Amino acid sequence: MSEQRKRLLETEQLTKHFDIGRGQVVHAVDNMTLHVDEREIVGLVGESGSGKSTFGKTILGLHDKTSGQVKLRGETTPQKYSPADFQRYARSMQMIFQDPYSSLNPRMTVGEIIGEGLRLHSDLKPSDVRERTGEWLRKVGLHPDHMSRYPHEFSGGQRQRIGVARALIMEPEFVVCDEPISALDVSVQAQVVNLLYELKDSMGLTLLFIAHDLSMVRYVSDRMAVMYLGSLVEVGPANEVFFNPKHPYTEVLVGSNPEPDPKSERERASTAISGEIPSPVNVPPGCRFADRCPKVMDNCRTETPQLIELREVEKREVACHLYD
Ligand code: SF4
């Protein structure tokens, strides 16, 4: 039985450029239109430098928007956040950062770090903040006694649990997880992902899960969105995008995902993606993937493909002239 989910977050033609002087502009995010429904996990994948993190931070107002819109439950968020806007949206939208080593203030205790949001953005008494902080330490698999310790006393996986507690204690509706496991040992990555998954179920969270590990994204996400050089190239149900990719970039990205079996790994390595992602300062005309695409055609270098819903595959959007 398919559950009808309500739209929680949507971006419309969201664009973020950075002016770096001398007339040069970094096209970090261009015209991204994507939605995330209530209680849905959308995985956002792409090589490093594709603009994934900038997209997440622009949604949360950590970067001003250059153009386009972000809507939370249909209400448009400000183009540039004032301190009052941060106050207001901190209860609705939070971020779990990539690096558990640099994202926690080393001079604050764990209790101060986790409780800071509630102290700043709620009317709770200090004793209630402390109690809530203890509860959250338990929920993420730590102990309330850890409140008085400092971040350096914890392992990478434990620090990421502290980062998870800091974001989720606000009980946000929408969370951007920005590569939450990439700085961790492989042995603890699955623990942090499982923790997020459990909390998603128990709290009814809605997540944008940014990562470059496709198999992990397939595992946790309902839908997968693939980004290349600031633009979306494919969106669809996560399993189907992974096992039946339609865009040539998604095909090579899936093909470059390491295989556990040595023979398959040798075959995979021979088909791995070639070349470098172009500079976002000099975005090529036409299809941005043309210089690396094994299926490039003449019109690819002059006409920009639009993200369109495919007729032949249900719920799949692709930006590629092969499907015009
Ligand atoms: Fe390749 Fe052309 Fe499709 Fe771009 S539009 S991915 S260059 S076939």
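The values are calculated or read from the model by the stated rules, or taken from the named source; none is laboratory data. Predicted model, so just to flag it, every value in this text is computed and none were measured. A quick note on method: Cβ atoms are made from the backbone with ideal geometry, for glycine too, and the neighbour counts reach across all protein chains shown.
What the table shows:
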{"read-out": "Options 17, 35, 63: the member that is in contact (Cβ under 8 Å) with a residue 40 or more places away in the chain and either in a loop (DSSP other than H, G, I, E, B) or more than 22 Å from residue 277 (Cα to Cα) (or both)", "value": "63"}
{"read-out": "Selection from the range 273-311 of residues that are in contact with a helix residue (DSSP H, G or I) (Cβ under 8 Å, 6 or more places away or on another chain), surrounded by fewer than 12 Cβ atoms within 10 Å (Cβ to Cβ) and either at pLDDT below 90 or of a type in the set (Phe, Trp, Tyr) (or both)", "value": "274, 275"}
{"read-out": "Check on residue 30, acidic (Asp, Glu), surrounded by 14 or more Cβ atoms within 10 Å (Cβ to Cβ) and not in a loop (DSSP other than H, G, I, E, B)", "value": "yes"}
{"read-out": "Every pair of residues 6+ apart whose Cβ atoms lie under 7 Å, when the first sits in the range 230-253 and is in contact (Cβ under 8 Å) with a residue 24 or more places away in the chain while the second is away from the ligand (no atom under 15 Å from the Cβ) and hydroxyl-bearing (Ser, Thr, Tyr)", "value": "238/221"}
{"read-out": "Only listed residue being buried (at least 20 other Cβ atoms within 10 Å of the Cβ) and not hydroxyl-bearing (Ser, Thr, Tyr), chosen from 156, 141, 134, 163", "value": "163"}
{"read-out": "Search result, residues across the range 66-105 that are of a type in the set (Gly, Ala, Ser), in contact (Cβ under 8 Å) with a residue 40 or more places away in the chain and outside any helix (DSSP H, G or I)", "value": "67, 68, 74, 92, 103"}
{"read-out": "Every residue from the range 283-317 that is more than 8 Å from the ligand (Cβ to nearest atom), at negative phi, basic (Lys, Arg) and under 24 Å from the mean Cα position of the chain (by Cα)", "value": "316"}
{"read-out": "Search result, residues across the range 166-208 that are of a type in the set (Val, Ile, Thr) and part of a loop (DSSP other than H, G, I, E, B)", "value": "169, 181"}
